[in-house]
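For reference, the structure discussed in these notes is given below.
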Amino acid sequence: MTPAGTFDPVAHAAQVLALSGSDDDLKRLAASEALALTPDELRVIRERLGRDPTRAEAHAFAIQWSEHCSYKSSRALLARLPTQGPDVVVPVGEDAGILRLGAIDGVEYCAVIAHESHNHPSQVVPFEGAATGVGGILRDVLCMGAKVVACADPLRFGPPKPGTHPAYVARAAVEGVAAYGNAVGVPNLAGDVYFHPSYAENCLVNVVAVGIVERERILPSRVPPGGEGYDLVLVGKATDASGFGGAAFASLTLDAAQANVNKSAVQVPDPFLENVIMRASYAAFDEIHASGLQVGFKDLGAGGILGSSAELCAAGGFGAQIDLDAVPRAVPNLPPFVVALAETQERMLWAVPTSFTPRLLAIYNEVFTLPEVAANARAAVIGKVTRERRYIARSGGCAVCDLPIEALTQAPRRRLTLGPPPPAPLPYVPLHVPDAGDALLHVLAHPDVCCRRPLVEHYDTFVRGATALPAGYADAGVLLVKRGARLALALAVDGNPRYAALDPRLAAAHAVVEAVRNVAAVGAWPIGLTDCLNYGNPENPIAYRALAEGVEGLAEAARGLTVSSPTGLPFVSGNVSLYNQSASGASVVPSAIVACLGRIDDVSRTVGMQVHTAGEVLYLVGSFPASLGGAVLAEVLAAAQPGPLPSLDYAQINADIATVVHGIQAGIVSAAHDVSDGGLLACVAEMCFGPDGKGAIGARLAAPAQWAPGVDLARALFGESGGFVVSVPAHASSDFESLAARHTAALHRLGTTGGEWLAIDQVCRLRIAELAAAWRKPLEDLYA
Amino acid sequence: MSAARVAVLVFPGTNSEEETVDACRAAGMDARPVLWSEPQGDLRNFDAYVLPGGFAHEDRVRAGAIAARSQSLRVIAQEAQRGKFVLGICNGAQMLAEAGLLGPIALARNLPAGHFQCRLVEVELTAPPTRCALTAAMPAGLRVPMAMAHGEGRFTGDRQTFDQLERQGRIIFRYVGGAPNGSLCDAAGVCNEEGNILALMPHPERVAWNYNLAFARPELHANPMGLTAAHAVFAALAAAVRAVA
């Protein structure tokens, strides 16, 4: 018996919460218990259980039914996305998606890819928030049985005016991404950064990770058939209270006054421990494969031990019995429901046959000495897989949680109100460009266009020795699937906030098209996509409408891009991050961020963006947009009426992509770059001075009237999202022109490479060195 | 003659063991990773040691400081006294400095950046190749691309020490065009007095194959699996072991 007056954590966890009364009563209860559940959701809990829940159970529901875990607001919309295709091995639904890459020496290799956000934590404590975002996504890939080989980081910040919080966030988040990935030894392969005022109080830190796995070694994130009686083995950091309620936190809006309170919901990163856990897990994979065992393996993410064990067991059609007292802890006297739900980082959960348990414990605890690597870190048996589909968690001899497991893992869907469609932008009024050279210098110095080297240099891009095109050296990063074999993969990310602000549907479609073009620009065939949907509060009909439009745009583009497969491109992994708004109520611009994975059969047939030879022919493969909506030039010149976003003609885009990829693979294209932020002239300038700004081969373009007849100068030189510029050796130009004709690509011969100027006949002429200087400067101070 | 047996040491936090082992093997050496939990006495059975990159023991205290005081470093130091070869790369170089095997020099935080920097660099073999056994098989003045990836790679110490390093010809590799991390004398690689221990800050193993460098030198696409000039570091280590066998 506990003496009167002292805190009894078990009794506290097992106390029954009465879920009856009016909406106001239930709102008050939810607020006083810090449960992110609506009155209706509380009533569903009571209905499903046929009784009132314990405090521990109520918290379990709050986390498992958060948007982060359950997709309760977005699931109906997400069903619109295409998810199947010839290369899909594991579709959406597990911790990461898996795509077939190809065979090396008769062994089939697959890419594992996952995409997440860590937006709210990164706004509050940017270094830790971004670092733990990386750590989590690496574990999502690891738990599929894969070797983790790359990460990528799409970042969105407020304008980084020196001395402001957005500038601090923009710097510290990059350092957090770097600190984690560098220490673990996973190269940063791709990423992007955009600045937009709507992110000033709510940054976006998305993370993508890629792994490589032999097809026959894929591990499921569920207990396998016959798994009754399996041990549940928790691996990693000792559990503490950090991140308690993290998933629920991600589903709250940010309020500056609450920031300090919310800090307790942010997890603490330990990349050093993750490094050792990864290597120990690789050793476990080898032994599991050699002995032919069937196992389940899952990352601990949202909802901690409870969330992962419930999902691991429920997905296999089983139940679980968890002994919370067996969980290794970092601090004494943690209430059992905190042990069950804390989001302590660097933890994984295995379901293994009892016969293998001693060996699994030895791998982590003795061979890789986890207890010596971090205080009380270890592998420990914490429960059993049961046939009865109940989720039972015990502490101090008391079942603090005893539920039908599906009640927990199947959240009720929310009914949300769709607002009206966003207003259509006014039509384009041709923009006068008084001085194209001056405009180009301003465009190149725009924060969304300028040199990223000062940022990218924080990231290790060469570790593992498999990198063929490092981050920042081309539109996509490329790495070998296996050192010594020519099969390679390409990765790129995209999602343009200037577009998003204008048209959420078309902007999302452009994100897909741009990510795919990026991968094509290095000579890869796109094979699959991931998405992270970063939107505002779905209870706001306008924000919900933006989400719906965004998903529609993604689906339309993925289905339309049939260049690799007649069924289009599948989404194999993704994440929804809602409630991205500040206390003042302003949502971030509707930000669909997309990653594209590509396949390259022969790594020697890849190209970067830089022109290496004078005397080559430059072509535009693509077309000129009918407007300047969302274009950097429109912002630079403060255009009164830039018009709508460029429209998308998928048949044309497929033809252009096929031409570029075939041209690169045939060895007749020596450099390629997609025409995106800043438009065609910025694209050619970047090809001349190259990714580090040190290139010295110029270009001379014919008068625009010759290659863009009838197109106004602003659209011809600065119009965006029109396709690719490629450099082709003169002797191969007729071959390339016939290739383009065969594919019915839109081809425009622009001019030739050479000299030290970027010259456009009858328009302007600037020294490459001057252009490079303007382009290199803007981010130097922020990331120096 | 059997291949040189090379131990690539793995400490908790090491992250470059795989590609380092591969680079050694591509030079014909019999290399394998040796985990920190393995019996350290077995280390004596190897002909040479490579301390690879990473963040051993989380770089607590200082980069390389804890690993430098490990039993395995003691064994390696003893074996080096008997003339065996030791190559430390990045974090491995930091361990060698912390263990005092290079004399009174340190690897300090990069200046002026003050943070981790990753970039492709070029280093030059500026010492007579035979000054260090590990470069004896390389041509004088060889320029080698390598991957710099560190936050604490600035070779530093007092003036007399560096004057002495210069006199003794122990600054084996220097950054071409100046050190991006503020290293004294532009040092990228320094050997011990006996010339059988080499501490190299930039990574040769990460750009050891032509496909790693073809993005900067497209002509390397012609033979993507060929070995780069950076791989000469491993070939020269193999040659050094052969020379004493």
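If you go through region B:216-243 and keep only what is more than 20 Å from the chain's Cα centre (by Cα) and either in a helix (DSSP H, G or I) or modelled with pLDDT of 95 or more (or both), you end up with B:P218, B:E219, B:L220, B:H221, B:A222, B:N223, B:P224, B:M225, B:G226. Selection of region A:77-99 for residues being over 22 Å from A:G191 (Cβ atoms) and in contact with a helix residue (DSSP H, G or I) (Cβ under 7 Å, 6 or more places away or on another chain) yields A:L77, A:L78, A:R80, A:L81, A:P82, A:V89. Here A:T354 meets each of (1) part of a loop (DSSP other than H, G, I, E, B); (2) touching a Lys or Arg at 6+ places or on another chain (Cβ under 7 Å) with one exception, condition (2). Does B:P39 qualify as being over 18 Å from B:R242 (Cα atoms) and surrounded by fewer than 20 Cβ atoms within 10 Å (Cβ to Cβ)? Yes; evaluated as a whole, the condition is true for this residue. B:N223: under 14 Å from B:A147 (Cα atoms) and within 14 Å of another protein chain (Cβ to nearest Cβ), yes or no? The answer is no for B:N223.
Look at A:N540 and say whether it is in contact with a strand residue (DSSP E or B) (Cβ under 6 Å, 6 or more places away or on another chain) and touching a residue at least 24 places away in the same chain (Cβ under 8 Å). So A:N540 does not fit the description; no. Is it true that A:Y168 is among the aromatic types (F, W, Y), more than 14 Å from chain B (Cβ to nearest Cβ), surrounded by fewer than 24 Cβ atoms within 10 Å (Cβ to Cβ) and part of a helix (DSSP H, G or I)? Here the answer is yes, as A:Y168 does meet what is asked. Within region B:94-103, one or more residues are within 21 Å of A:L273 (Cα to Cα), among the aliphatic types (A, V, I, L, M) and buried (at least 18 other Cβ atoms within 10 Å of the Cβ). Looking at region A:751-784, which of its residues are within 14 Å of chain B (Cβ to nearest Cβ) and over 30 Å from B:P112 (Cβ atoms)? A:T753 - this is the single residue of region A:751-784 that is within 14 Å of chain B (Cβ to nearest Cβ) and over 30 Å from B:P112 (Cβ atoms).
If you take the residues of region A:329-345 that are part of a loop (DSSP other than H, G, I, E, B) and touching a helix residue (DSSP H, G or I) at 6+ places or on another chain (Cβ under 9 Å), which of them is modelled with the lowest pLDDT? Across region A:329-345, the extreme among qualifying residues is A:N333. Only one of the numbered conditions (1) of a type outside the set (K, R); (2) outside any helix (DSSP H, G or I); (3) crowded, with 18+ Cβ neighbours inside 10 Å; (4) free of Cβ contacts under 8 Å to residues at least 40 places away in the same chain is not met by B:G114, and that is (3). Scanning region B:199-220 for residues that are polar (S, T, N, Q) and within 8 Å of another protein chain (Cβ to nearest Cβ) gives a single hit, B:N212.
Would you be able to say whether some residue in region B:42-56 is buried (at least 24 other Cβ atoms within 10 Å of the Cβ), touching a strand residue (DSSP E or B) at 6+ places or on another chain (Cβ under 7 Å), in contact (Cβ under 8 Å) with a residue 60 or more places away in the chain and within 13 Å of another protein chain (Cβ to nearest Cβ)? Within region B:42-56 (the criterion being buried (at least 24 other Cβ atoms within 10 Å of the Cβ), touching a strand residue (DSSP E or B) at 6+ places or on another chain (Cβ under 7 Å), in contact (Cβ under 8 Å) with a residue 60 or more places away in the chain and within 13 Å of another protein chain (Cβ to nearest Cβ)), the answer is yes, since at least one residue qualifies.
Screening A:D95, A:D87 for residues that are in contact with a strand residue (DSSP E or B) (Cβ under 6 Å, 6 or more places away or on another chain), over 16 Å from A:V594 (Cα atoms) and modelled with pLDDT under 95 leaves exactly one candidate, A:D95.
When the residues of region B:226-245 are filtered to those that are within 14 Å of another protein chain (Cβ to nearest Cβ) and not aromatic (F, W, Y), the one that is surrounded by the most Cβ atoms within 10 Å (Cβ to Cβ) is B:V233.
Within region A:452-466, being at negative phi, more than 20 Å from the chain's Cα centre (by Cα), within 7 Å of chain B (Cβ to nearest Cβ) and not acidic (D, E) holds for A:F462, A:V463.
Close contacts from region A:137-166, counting a first residue that is closer than 17 Å to A:R279 by Cβ and a second that is of a type in the set (D, E, K, R) and assigned to a helix (DSSP H, G or I), with Cβ to Cβ under 6 Å and a gap of 6+ residues or different chains, come to A:G145/A:R217. Annotation note: Cβ proximity below 7 Å between a residue of region B:139-167 that is touching a residue at least 12 places away in the same chain (Cβ under 8 Å) and away from chain A (no Cβ under 14 Å) and a residue that is assigned to a loop (DSSP other than H, G, I, E, B) and surrounded by fewer than 20 Cβ atoms within 10 Å (Cβ to Cβ) (sequence gap 6+ or interchain) occurs for B:A140/B:P128; B:R143/B:V176; B:R154/B:R109; B:R154/B:L111; B:R154/B:G182; B:G157/B:P104; B:T161/B:G103; B:T161/B:P104. If I filter region A:366-379 for residues that are in a strand (DSSP E or B) and under 19 Å from A:S221 (Cα atoms), do I get at least one hit? The answer is yes; a qualifying residue exists. Residues that are farther than 14 Å from B:P204 by Cβ and of a type in the set (S, T, Y) within region B:1-59 comprise B:S2, B:T14, B:S37, B:Y49, listed in sequence order.
Across region A:474-502, the qualifying residues are those that are in a loop (DSSP other than H, G, I, E, B) and buried (at least 24 other Cβ atoms within 10 Å of the Cβ), and the one among them that is nearest to the other protein chains (Cβ to nearest Cβ) is A:A474. The residues of region B:57-68 that are touching a helix residue (DSSP H, G or I) at 6+ places or on another chain (Cβ under 8 Å) and either within 13 Å of chain A (Cβ to nearest Cβ) or free of Cβ contacts under 8 Å to residues at least 60 places away in the same chain (or both), listed by number, are B:H57, B:E58, B:D59, B:R60, B:A63, B:G64, B:A65, B:I66, B:A67, B:A68. Scanning region A:751-772 for residues that are among the hydrophobic types (A, V, I, L, M, F, W, C) and under 39 Å from the mean Cα position of the chain (by Cα) gives A:W757, A:L758, A:A759, A:I760, A:L766, A:I768, A:A769, A:L771, A:A772. Tallying residues that are in a loop (DSSP other than H, G, I, E, B) and either surrounded by 24 or more Cβ atoms within 10 Å (Cβ to Cβ) or on the phi < 0 side of the Ramachandran plot (or both) within region A:569-617 yields 24. Scoring A:S66 on the criteria (1) closer than 30 Å to A:V44 by Cα; (2) at pLDDT 95 or above; (3) small (G, A, S) leaves a single failure, condition (2).
Restricting region A:182-195 to residues that are within 10 Å of chain B (Cβ to nearest Cβ) and not in a loop (DSSP other than H, G, I, E, B) leaves a set whose member that is nearest to A:S676 (Cα to Cα) is A:N188. A:P160 meets the stated requirement of being away from chain B (no Cβ under 14 Å), under 27 Å from B:Q117 (Cβ atoms), outside any strand (DSSP E or B) and in contact with a Leu (Cβ under 6 Å, 6 or more places away or on another chain).
The number of residues in region B:11-32 being in a strand (DSSP E or B), within 21 Å of B:N196 (Cα to Cα) and within 13 Å of another protein chain (Cβ to nearest Cβ) comes to 0.
The values are calculated or read from the model by the stated rules, or taken from the named source; none is laboratory data. Nothing here was measured: the structure is a model prediction, and the numbers come from that model. All Cβ positions, even for glycine, are placed from backbone atoms using ideal geometry, and neighbour counts span all protein chains on display.
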